[in-house]
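Student: There's a structure below that I have some questions on.
Here, each number is a calculation from the coordinates, and none is a lab measurement. Source: prediction; values computed, not measured.
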């Protein structure tokens, strides 16, 4: 993936103006959440909701992951690709390798569990890897913001 140099420069200027610095992958350190970062997080939360909890039937929340996962192999691979997109976006936000590894484990468990005939279809409705991954992302960003505020 290629980065837009103009966007990167604007991002650096925005972060510098907020009193922070840019870490790897364009992550903000030492500044309050920018409007761009907030928009990115909201978009990832919307994706997570669509995949894991968009619908509710008889008190059970489920999303497209459970529905699309009913299609053998193709459904699980398609929803795993969307889950991988979420992880790649988290990486671009500067999430550490340890958190990325946990996110990949969650996604792999979802893919492997969903691949089991019949039982995997039920598993897809109840195991919410994308929700867990967004929680990991939010926890990491909150931790990073807390660390940055302590340094001030």
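Student: Rg and Dmax in Å for region 36-142, alpha carbons only: what are they?
Tutor: 13.4, 42
Student: Counting only C-alpha contacts under 8 Å and six or more residues apart, can you give the relative contact order of region 36-142 as a whole percent?
Tutor: Relative contact order, region 36-142: 29 percent.
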